Structures are given as C-alpha cells and as structure tokens.
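Single-structure report; data block below.
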Amino acid sequence: MTHPYLSRMNIESIAKEISMQYKAALVPQKHLCYYVDPVALANELGLAIVYRNLSENGTILGLTSPNEGCITILDYKMEESIFFLDGQTILIEDRLRNHPKNRGKLNFTIAHEIAHQVIYRRFPEYYACQYRMVCDYRSPQARVQDWHEWQADALGAAILLPEDAVRDAMFFFGLGEKMFVLSKKYSPNKF
C-alpha cells in the first residue's frame, strides 16, 4: 500500500469540504466566513484537544495518531509520563497557549494536527493498525522534507484561510482574481 500523494488541488478540495462543514455548523446563514476557530473545528470533527508538555525544549508543538497507542510526554514536573492516544485526540504543547504572542503558532499547530486526522480518515487503508504512526509537528527550522508533514502543512493552511476571507482580501488590496506573490523586494511601492 503506497502513501496517498495529494496534489495542491486535492488538498484545496478537501479544505473546501471541511470549510463547508465548519460554515454549516458554526457560521450563521448568509454570513461570510473570515475566521476559522481551530478548536471549534476540532470539536465539530469529533476530535479532542489536550494540552501537555510534549518536550523539554518545546520543539514538539503537536502530536496525533490515527490509532490507539501510548506515547511518552512530560508531566507538570517535566518528568516523563505515559499518555494514551485514542486515535481521536490531538496533543498540543501547553506552552503555546500560555503566551498571547503564540496565538498564530497555536492555531496553525492545531490546524496541522487536524489535517493529519482528516487525511487519516480519508485513507484508512493506509493508516490501518499495521501502519502505526504518530505524527509530531516540530517548529520548522528548514524546508519540510517529509511528505506527511508537507500535506498536513498545506491542508492546515487551507483550512485556516477560508475562501471568503482570501477573495475579499484580494479585492480589498486590488489584486483581482488571480493570486500573485507579493514581496517588499520586488514591489516596495505596492506592498
């Protein structure tokens, strides 16, 4: 069984379905969706979010698994303890929620782990028990090399950026219908 390789179009299609589910459940009718609350989305998808210390140095930001299993985390004294993952739980580094400056990183980490769970659910044959895995999200220092992580990053970003918000922002900034790269270096007067 090969790993599902999802294109950007596949990922955007999945994100659109998730967005429609989110909007149907959590956005009033006839309102545009400008913000996705990843915690509310997780709840809507039947996922639990639990905050714990995942590493001594804070480099592991999130963990999840499609299967049941025990993993090692740190307790409140920063001593190793065992945590039971039930296949529907997302573990998030506790330090992320304790600092307001980390709100964006917290939201993206939750969305990234939701993306793993969504992909697991779409391709259960690949993520069956014989293919046990725990995906952890580490603070990226370089380009993502792992295909699982790239897909989760791309889907997480697409989940957090609702189409309504992107289209309205493009209109507001006069960008038209097509997305272009904006850069201070190449277009300082328009940035």
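The values are calculated or read from the model by the stated rules, or taken from the named source; none is laboratory data. Source: prediction; values computed, not measured. Heavy atoms of the whole protein, side chains included, go into the accessibility calculation; ligands, DNA and RNA do not. Shrake-Rupley method; radii C 1.70, N 1.55, O 1.52, S 1.80 Å.
The figures follow:
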{"item": "Prolate/oblate/rounded call for the stretch 1-124, Cα gyration tensor, a/c under 1.5 rounded", "result": "oblate"}
{"item": "Karplus-derived 3J(HN,Hα), 6.51/-1.76/1.60, for each residue of the stretch 4-17, Hz, glycine and proline x", "result": "x, 9, 9, 7, 4, 5, 4, 5, 5, 5, 5, 4, 5, 4"}
{"item": "For Arg121, solvent-accessible area (1.4 Å; no DNA, RNA or ligand), Å²", "result": "110 Å²"}
{"item": "Solvent-accessible area per residue, Å², over the stretch 1-97 with all protein chains present [probe radius 1.4 Å]", "result": "58 Å²"}
{"item": "Stretch gain in nm, segment Phe123-Gln21, where the contour uses 0.36 nm per residue and the Cα spacing is subtracted", "result": "34.8 nm"}
{"item": "Rounded accessible area of Thr72 (nearest 10 Å², 1.4 Å probe)", "result": "80 Å²"}
{"item": "With all protein chains modelled, accessible area of Leu161 [1.4 Å, Å²]", "result": "110 Å²"}
